[in-house]
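So the structure is just underneath, and the comments pick up after that.
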Amino acid sequence: MYRKLEDRNNSLHFAKQEELGKVLELNIKNSGNHQPISVQNISDENFFLSLNENLESGKSIKLQLQYKNAASR
């Protein structure tokens with residue numbers, strides 16, 4: 001970011017689809033009880049997951065992620 005400011009280049013770069021990496025498989029487990037957590041639509045940039053129990057305010061949860069990805073070209 002600093003280099004762009006130094007060169008006064010404020011243009012944005014949007015990667016083409018073939019330049020992007022991709023998650024092929026994603027497994028998420030609760031680190032505490034090792035229960036799997038389902039993931040919805042891993043093909044998007046963002047994904048949403050539903051926890052098995054509500055997370056109370058001020059509480060946290062640790063997740064264990066395992067994934068396979070395809071690197072960008």
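The values are calculated or read from the model by the stated rules, or taken from the named source; none is laboratory data. As the structure is a prediction and not an experimental result, all values here were calculated from the model. Because the Cβ atoms are built from the backbone with ideal geometry, glycine has one as well, and the counts that use them run over all protein chains shown. All accessible areas refer to the heavy atoms of the entire protein, side chains included, with ligands and DNA or RNA removed. Shrake-Rupley method; radii C 1.70, N 1.55, O 1.52, S 1.80 Å.
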Against the definition (among the polar types (S, T, N, Q) and farther than 30 Å from Phe14 by Cβ), how does Gln40 come out, yes or no? no
Tell me which residues, restricted to the stretch 1-53, are at pLDDT 70 or above, at positive phi and open to solvent by 100 Å² or more (accessible area, probe 1.4 Å). His34
Enumeration of residues in the stretch 14-70 that are among the basic types (Lys, Arg) and in a loop (DSSP other than H, G, I, E, B): Lys16, Lys59, Lys62
